[in-house]
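Just so you know, all these numbers are worked out from the coordinates, no wet-lab data involved. A quick note: this is a predicted structure, and the numbers were derived from the prediction, not measured. Every residue, glycine among them, receives a Cβ derived from its backbone with ideal geometry; neighbour counts consider all protein chains shown.
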Amino acid sequence: MPTEKDYQISPVVQESIAHNSRTLFNYQSLTASLFGVCAGILGLESYAGFLFYIIATLSTCFLFYALRVAPTSIPAGKAPLDTSRYFRGAFEFWTSGLSGGLAGFILTWTLFYGLVRA
C-alpha cells in the first residue's frame, strides 16, 4: 500500500486514472449513440455520417476537456492540452472515443435512418 511520501513524490494515483478513464469511456459511449440518433434523423449517408461522427466526437472531447480538465491548475512546463495528469495519455483521451463508440454509433445511425426514411 502506498504511503503518504509515495503520493508526494508521484501525485498521480493509478486508481483515480482508471476511474477517470472508465468515466470518459461511459460518456463517449453514450454520446456516440446520441450522435447516431442525430445522424439517422438527419438522413446522413456514407462519408457524411462518419464525418459527422468524427467532428462531433472530437468536439465533445474538447468540451469534456474544457469543463473537467482545464479548470484545474496546469503545472508549469506542461502543454495546455496535456491530460497525462488525469488520464493514461493524451492519445487515449482525444481518440479513444472514435473507436470505442463506433459500434454504438453505427447501430443507432442505421436504426434511426431506417425508422425515419422507411
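Annotations for the structure displayed:
- Full-stretch length increase - LEU63, ALA90 - with 0.36 nm per residue and alpha-carbon distance subtracted: 8.2 nm
- Backbone amide hydrogens, once placed in the peptide plane, bring GLY101 within less than 5 Å of nothing, excluding anything fewer than 5 places away on its chain.
- One decimal place: the segment LEU115-ILE54 gains 19.6 nm when fully extended, by the rule 0.36 nm per residue minus the C-alpha distance.
- The packing ranking, built from the mean of other Cβ atoms within 10 Å per residue, places the peptides 15-22, 103-110 in the order 103-110, 15-22, highest first.
- For the range 20-27, putting each phi into the Karplus relation 6.51 cos²θ - 1.76 cosθ + 1.60 with θ = phi - 60° gives couplings of 4, 5, 5, 4, 5, 4, 4, 4 Hz, in residue order, rounded to whole numbers and with x for Gly and Pro.
- Under a 5 Å amide H cut-off, with hydrogens placed 1.01 Å from N, THR83 pairs with ALA90 among residues at least 5 apart or on other chains.
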